[in-house]
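Read the structure below first, then the notes.
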Amino acid sequence: MTSRDDLQQTRDLWDAEAASFDEAADHGLRDDTVRAAWRELLLDALPPAPARVADLGSGTGTLALLLAGHGYTVDGVDISPEMVRLAQEKAAGDTAVRFTEGDASAPPLDPASYDVVLCRHVLWAMPDPAATLRRWIDLLVPGGRLLLVEGRWFNGAGLSAAETVALVEGAGREAELTLLPEPVYWGREIDDERYLVVS
């Protein structure tokens, strides 16, 4: 678990990022082509709607709202009050999605209650990824599905695909890897490793 000081530092960091967070093509999904690519990727990997999704480290809620628009019920959790505020503004009036402030490493959600746990660019930042992953898996109903979008970025941060697959398999689950090098997901050419693991 993360110390109180570390949690506050993390809140402050992401609060400061919130106002500009959606400017990245894969965060805001403002470009129709990028949005369509993410929609197709996720809907192909998810069980059919209606299904209940936990979106952990949900940021400004873009993916949660995308899925809610396709019939899913989504609970988004983010440590940043400002991210949560922006997500709630986007979701105004949408009863299929709810956003809660909380630590993604120990989400304030009921265990064995979700058909899907979705996390994008979150696992790499956890102090203990293996323990965090076990807590995420505990949120799933029997037969539930885990979707992890991660990467090892140009600056050396992140998790390689091999590391994430090993973490998932170490938790006793199978892992299906899809590499995501195509610029359509990111709004630009990339030269680092980005991928989806489905379990």
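Taken together, the values in this text are just the output of simple stated rules run on the coordinates, not laboratory data. Owing to the predicted nature of the structure, the values given are computational and were not obtained by experimental measurement. Quick reminder, even Gly has a Cβ in these numbers, built from the backbone with ideal geometry, and neighbours come from all protein chains shown.
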Quiz prompt | Taking the chain and dividing mean pair separation by its residue count, relative contact order in percent (alpha carbons under 8 Å, at least six apart) | solution = 19 percent
Quiz item: What is the Cα centroid distance between the range 80-140 and the range 1-37, reported in whole angstrom?
Solution: 13 Å
Quiz prompt | Sequence ranges 181-194, 71-84, ranked by mean other-Cβ count within 10 angstrom, highest first | solution = 71-84, 181-194
Quiz item: If you count, for each residue, the other Cβ atoms within 10 Å and average over each peptide, how do 111-120, 22-31 line up from highest to lowest?
Solution: 111-120, 22-31
Quiz item: Can you give the convex hull volume of the alpha carbon atoms of the range 64-153 per residue, in Å³?
Solution: 109 Å³
Quiz prompt | Per-residue HN-Hα couplings for the range 186-192 [Karplus 6.51, -1.76, 1.60; θ = phi - 60°; Hz; x = Gly/Pro] | solution = 10, x, 6, 5, 10, 10, 10
Quiz item: With each run of n ≥ 4 DSSP H residues scored as -39500 (n - 2.57), what mean residue ellipticity at 222 nm is computed for the chain after dividing by its residue count and rounding to the nearest 500 deg cm²/dmol?
Solution: -10500 deg cm²/dmol
Self-check item: Taking N as its residue count, the alpha carbon Rg of the chain over 2.2 N^0.38 Å
Solution: 0.94
Quiz item: What list of ³J(HN,Hα) values in whole Hz, one per residue of the range 110-126 in order, does the Karplus curve 6.51 cos²θ - 1.76 cosθ + 1.60 (θ = phi - 60°) give from phi, with Gly and Pro shown as x?
Solution: 6, x, 6, 10, 10, 6, 9, 10, 10, 9, 10, 6, 10, 4, 4, 8, 6
Quiz item: Based on Cβ point charges of +1 for Lys and Arg and -1 for Asp and Glu, what charge dipole magnitude is obtained for the chain about its Cα centre, in debye rounded to the nearest 20?
Solution: 460 debye
Quiz item: Relative to the compact globular guide of 2.2 N^0.38 Å, what is the alpha carbon radius of gyration of the range 36-85, as a ratio?
Solution: 1.13
Quiz item: How would you classify the range 10-116 from its alpha-carbon gyration tensor, with a ≥ b ≥ c the square roots of the eigenvalues: rounded for a/c under 1.5, else prolate if a/b is greater than b/c, otherwise oblate?
Solution: oblate
Practice problem: Would you tally the net charge around Ala130, using a Cβ to Cβ cut-off of less than 12 Å, leaving Ala130 out, and scoring K and R as +1, D and E as -1? | Solution: -1
